[in-house]
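Let me begin by presenting the structure, written as C-alpha cells, before commenting on it.
The values are calculated or read from the model by the stated rules, or taken from the named source; none is laboratory data. All values reported here derive from a predicted model rather than from experimental measurement. Please note: Cβ atoms are built from the backbone with ideal geometry, for glycine as well, and neighbour counts cover all protein chains shown. Each accessible area value is taken on the protein alone, full model and side chains, heavy atoms only, with ligands, DNA and RNA left out. Shrake-Rupley method; radii C 1.70, N 1.55, O 1.52, S 1.80 Å.
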Amino acid sequence: IEQHGNLEPAGGEIGLWDAHPYNAIKGGPCRRRTEFFRNEEARRLFRNRLRYLVARWGCSPTLMAWELFNEVEWISYDTGGFYANEPLVRRWHEEMAAFLRTIDPYSHLIATSSDIRFQQRLVDSGSIDMLQVHLYERDFMADRLAQTLLPLARTLPVPLFVGEFGTGKEGAGADAVTRGILVSA
C-alpha cells in the first residue's frame, strides 16, 4: 500500500516525499516524514485509505494479501535510522493491521516487506500473517534461497513468501530467475 520511496526526500533513489499528499507542503498533516507513523491525522487518513481499498478490491478473488508497507527499512528517517525508529514503525503496523482485520470481511492475509527480525516481531504480535523477503544476489541465487530461506521457513509459524528476487546483475540470463523459482518452489 505504501513504499519506502514515498517517504524519501527529493534527490534520493526514488524520493517522492515532496509530492506525497500527507506532506504539509501539499496540504497534508505531516511536516516531517516520520510523522506519517505518529501523526493522528495521518493515521486517520491511512485508515480511510484502507477502508477504500477493502471496499474497492477486497472482494477480488485475485487478492492474496494486503501489504502495508514495502521495504520500510529503506526510508532515510528524519532522525536515526530504521532501528532507532523501529518501535514507532512497529506500533503503526500493529495499529493498521488490527484495524484492517476489523474491516476486511474476506480476512485476507496481512503482510509487510522489510527486515526479517522486524517482521518476526510483527508475526509474534499477531499483526501479520506471513513473512516476506526480498532477495537480490549477484551470484548464486539458487544457493542463497536454498541455504538461507528454506531453513528459516521450517522455523516459522507462518508462511514464508519470496516477494522479490533477482540477480542484481545486468545482463543476467533468464536461467538465474528460473533457478530461483525452482528452488523456492
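Every residue in region 59-96 that is under 22 Å from residue 108 (Cβ atoms), in contact with a His (Cβ under 8 Å, 6 or more places away or on another chain) and assigned to a helix (DSSP H, G or I), please.
Listed by number, the list holds a single entry, 72.
Yes or no: region 28-44 includes at least one residue that is out of contact with any strand residue (DSSP E or B) (no Cβ under 6 Å at 6 or more places or on another chain), small (Gly, Ala, Ser) and open to solvent by 30 Å² or more (accessible area, probe 1.4 Å).
no
Being aliphatic (A, V, I, L, M) and without any contact (Cβ under 8 Å) to a residue 24 or more places away in the chain is the filter here; which residues of region 82-126 pass it?
Within region 82-126, just 84 meets the criteria.
Identify the single condition in (1) part of a loop (DSSP other than H, G, I, E, B); (2) within 28 Å of residue 17 (Cβ to Cβ); (3) not aromatic (Phe, Trp, Tyr) that residue 105 does not satisfy, given that it satisfies every other one.
Failed condition: (2).
Run residue 100 past the list (1) in a strand (DSSP E or B); (2) crowded, with 20+ Cβ neighbours inside 10 Å and report the number of the one that doesn't hold.
For residue 100, the failing item is (1).
Just to be sure, is residue 56 surrounded by fewer than 19 Cβ atoms within 10 Å (Cβ to Cβ) and part of a helix (DSSP H, G or I)? Quick ask: steps written out before the conclusion?
Values: surrounded by fewer than 19 Cβ atoms within 10 Å (Cβ to Cβ): yes; part of a helix (DSSP H, G or I): yes.
The answer is yes for residue 56.
Out of curiosity, is residue 107 at pLDDT 75 or above and open to solvent by 80 Å² or more (accessible area, probe 1.4 Å)? Working first, answer last.
Numbers: at pLDDT 75 or above: yes; open to solvent by 80 Å² or more (accessible area, probe 1.4 Å): yes.
Against the criterion (at pLDDT 75 or above and open to solvent by 80 Å² or more (accessible area, probe 1.4 Å)), residue 107 qualifies.
Quick one: is residue 79 hydroxyl-bearing (Ser, Thr, Tyr) and either open to solvent by less than 20 Å² (accessible area, probe 1.4 Å) or under 23 Å from residue 28 (Cβ atoms) (or both)?
Working: hydroxyl-bearing (Ser, Thr, Tyr): yes; either open to solvent by less than 20 Å² (accessible area, probe 1.4 Å) or under 23 Å from residue 28 (Cβ atoms) (or both): yes.
In short, yes.
Condition check ((1) open to solvent by less than 20 Å² (accessible area, probe 1.4 Å); (2) modelled with pLDDT under 90) across all residues:
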residue	(1), (2)
116	no, no
121	no, no
124	no, no
129	no, no
132	yes, no
136	no, yes
146	no, yes
152	no, yes
162	no, yes
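Restricting attention to region 86-94, does a residue exist that is at pLDDT 95 or above, surrounded by fewer than 16 Cβ atoms within 10 Å (Cβ to Cβ) and over 17 Å from residue 2 (Cβ atoms)?
Yes, region 86-94 has at least one match.
Could you grab the pairs with beta carbons closer than 6 Å, sequence gap of 6+ or different chains, first residue in region 7-26 and touching a residue at least 12 places away in the same chain (Cβ under 8 Å) and surrounded by 15 or more Cβ atoms within 10 Å (Cβ to Cβ), second one of a type in the set (Lys, Arg) and assigned to a loop (DSSP other than H, G, I, E, B)?
Listed pairs, sorted by first residue: 7/33; 17/33.
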